[in-house]
Structures are given as C-alpha cells and as structure tokens.
Amino acid sequence: MSQYNLNFKQKQYQNQPAKTYMSLEILRMVYHSTFHSVISYGLPFWGIPPHSKRIFLMQKRIIRITLGRRRLASCRILFKNLKILHLISQYIFSITMFIIKHKHHFTVNSEIHNINTRQQLNFHQPAPHSTGFKHGIYYSGVKIYNNLPTHIKQLSDDPRSFELELKEFLYHHSYYSLEEYYKH
C-alpha cells in the first residue's frame, strides 16, 4: 500500500470513536489491558484512596470516549453493557476474592456458636481497635463479605462459581459507593 493510502486511512478513523471499527470484545480487551490492570493492582490493600473520585471520573471518561458517548452521558448502563466493573465494584470484587482465597484465616460465625441463624455463613466481625484497622483489609473485607446476598456466600467453597456469581451480581447492581453497597 502506498504512503498516500495509509495517510488517508489514518485520517478516515482519526475523529471517529473506536467503537466504529472495533468490536465490543476488542474494546473490552483494550480497556482491561491498559486501564483496568493499573487500577486493580493491589486494590484490596490500598483500598479506596482519597483520590478515588478522580480515578472513577477518569474511568467513566475512558468508557465514554471508547463508546463515542457525549461527555455527560450516564455510565451505569455502559458499564453493564460492556461487563466492566467500575472502581468501587472492582474494589468489592477484589477484596471479597481475597477473603475467599484466604478464608482459613477468618472465623465463621457458625464456629463461634451452634445456633442456626441467618448470619451463620458470615465471618465474625472483629472489634475495631483503631481507625486504621477499620480501613484495613481484615475489617473492611469481612464487612463487605458479610453484606453479600446469602446465595453468593453459599458458593464460597467453590471459588470459581463464587467468582462468576459475584461478578454477575456486581455487573447487575453497579454500586457507585460503599455506602450504596451497604444499604443494598
């Protein structure tokens, strides 16, 4: 191909959103390989930082640009359609999967008492010693896990099924804050 034809093709796609010449699956792959890998690295440990709102706004902007939506378009449905977890949902997912993979370090309520209650599948919530402890993975992870629906917690012995069901739950509910998640 001549240099002229290449320049013409570049100009042809220059001002068009990526969705016009890429499938949704390719767009998801590009998103996951560039942005998602950066925000999810170590997420259960550094938690929701003070600048997470800026990260979340950046994530929404990337989704809008990728799909060619206007600047103020709502992203909730876009996240659902692309099956991408936004920052808060990704945090919930990451910390919950960490808890499941290391659940032998946690005490289940049924181990503490033999009474058959609704909270028997929950992990025992430790008493917070300090503010730092409340924001740590142990305390916040148990609190997030305990807030999950029972049908998901029942799958905790099968990590793959648990992961799939948790992702579907988070795709469907699209939480924008932890407070919104805890009220569910």
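Here are some notes:
Here is a yes/no grid of residues against (1) more than 25 Å from His172 (Cβ to Cβ); (2) at pLDDT below 80; (3) among the aliphatic types (A, V, I, L, M); (4) in contact with a Cys (Cβ under 6 Å, 6 or more places away or on another chain):
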{"residue": "Lys11", "(1), (2), (3), (4)": "yes, yes, no, no"}
{"residue": "Leu57", "(1), (2), (3), (4)": "no, no, yes, no"}
{"residue": "Leu72", "(1), (2), (3), (4)": "no, no, yes, no"}
{"residue": "Arg76", "(1), (2), (3), (4)": "no, no, no, no"}
{"residue": "Leu82", "(1), (2), (3), (4)": "no, no, yes, no"}
{"residue": "Leu87", "(1), (2), (3), (4)": "no, no, yes, no"}
{"residue": "Thr96", "(1), (2), (3), (4)": "no, no, no, no"}
{"residue": "Thr107", "(1), (2), (3), (4)": "yes, yes, no, no"}
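- Pairs with Cβ under 8 Å, 6+ apart, first in the stretch 136-157 and touching a residue at least 60 places away in the same chain (Cβ under 8 Å) and crowded, with 16+ Cβ neighbours inside 10 Å, second of a type outside the set (A, V, I, L, M) and in a helix (DSSP H, G or I): Ile137/Pro44; Ile137/Phe45; Ile137/Phe98; Ser140/Lys134; Gly141/Pro44; Gly141/Thr96; Gly141/Phe98
- Hits in the stretch 95-108 - residues which are surrounded by fewer than 20 Cβ atoms within 10 Å (Cβ to Cβ) and of a type in the set (Ser, Thr, Tyr): Thr107
- Candidate set from the stretch 62-94 (those that are assigned to a helix (DSSP H, G or I), hydrophobic (A, V, I, L, M, F, W, C) and touching a residue at least 60 places away in the same chain (Cβ under 8 Å)); member that is surrounded by the most Cβ atoms within 10 Å (Cβ to Cβ): Ile92
- Which numbered condition Ser177 misses (of (1) in contact with a Phe, Trp or Tyr (Cβ under 9 Å, 6 or more places away or on another chain); (2) of a type in the set (Ser, Thr, Tyr); (3) modelled with pLDDT of 85 or more): (1)
- Of all residues in the stretch 44-61, those satisfying the criterion of being buried (at least 17 other Cβ atoms within 10 Å of the Cβ), over 21 Å from Tyr145 (Cβ atoms) and not polar (S, T, N, Q) are Phe56, Lys60.
The values are calculated or read from the model by the stated rules, or taken from the named source; none is laboratory data. Note that the structure is predicted; figures quoted are calculated from it, not measured. Cβ coordinates were reconstructed from backbone atoms using ideal geometry, including for glycine residues, and neighbour counts include every protein chain displayed.
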